[in-house]
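Let me begin by presenting the structure, written as structure tokens, before commenting on it.
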Amino acid sequence: MDMIKNASVYAIPVIFLLILCTGIYKGVKVFDVFVEGAKEGLATVIRILPSLVGLLVAIGVFRASGALDLIVFAAAPVASALGIPAEALPLAFLRPISGSASLALVSDILKAYGPDSFIGRVASTMMGSTETIFYTLTVYFGAVGIKNIRYTLIAALAADAVSVLVSSMACRYIFGIN
């Protein structure tokens, strides 16, 4: 185990040197290519920055306004009928919007209920099987200038809803909770 741990320390420097040596061997001006890539990266950041700022402001408003609590309260009866614990509902609604906020929420759920509880297992499974849809669409579609995301958004939200439902069902089946 220690040998593997020690080897992993060298993985990134070895990959870096491998790329550098390959570039030199093939006659590529490595530093010039690196600088050009960095310029393109900065241009991409500048192009998507307004969309990211708008998304982050919208997340802040959504959470601070109490809209999340209202949506969770309204959806609790349906979720209960589907076998989804009400305590995991905020995660189901917040995960498509923000990865960091949902990670903090999972941390709170695990502290309150424990990682081996049904709620903890469902929250962990949800966290692993869902995606930060709005952030991903903002970054990737914004980077290439696509403005019409309607069908992608519908498909992603449908997949996310299935993931939330199946997370609860899988935990019930695997851990034998009725």
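The values are calculated or read from the model by the stated rules, or taken from the named source; none is laboratory data. The shown structure was predicted, so the numbers you read here are calculated from the model rather than taken from an experiment. In this analysis, Cβ positions are derived from the backbone assuming ideal geometry, glycine residues included, and neighbour counts consider all displayed protein chains.
Just a few scattered comments:
- Selected residue [at pLDDT below 90 and touching a Phe, Trp or Tyr at 6+ places or on another chain (Cβ under 9 Å)] from GLY145, GLY120, GLY99: GLY99
- Screening TYR135 against (1) under 28 Å from SER168 (Cβ atoms); (2) out of contact with any Gly (no Cβ under 7 Å at 6 or more places or on another chain); (3) surrounded by 14 or more Cβ atoms within 10 Å (Cβ to Cβ); (4) in contact (Cβ under 8 Å) with a residue 40 or more places away in the chain leaves a single unmet condition, (2).
- The helices (runs of 4 or more DSSP H) located wholly in the stretch 4-110 that include 3 or more residues which are without any contact (Cβ under 8 Å) to a residue 24 or more places away in the chain occupy 11-25, 30-64, 67-82.
- Qualifying position, being among the hydroxyl-bearing types (Ser, Thr, Tyr) and at pLDDT below 90, among TYR140, TYR173: TYR140
- Of all residues making up the stretch 137-158, the number that are in a loop (DSSP other than H, G, I, E, B), more than 20 Å from PHE93 (Cα to Cα) and among the hydrophobic types (A, V, I, L, M, F, W, C): 1
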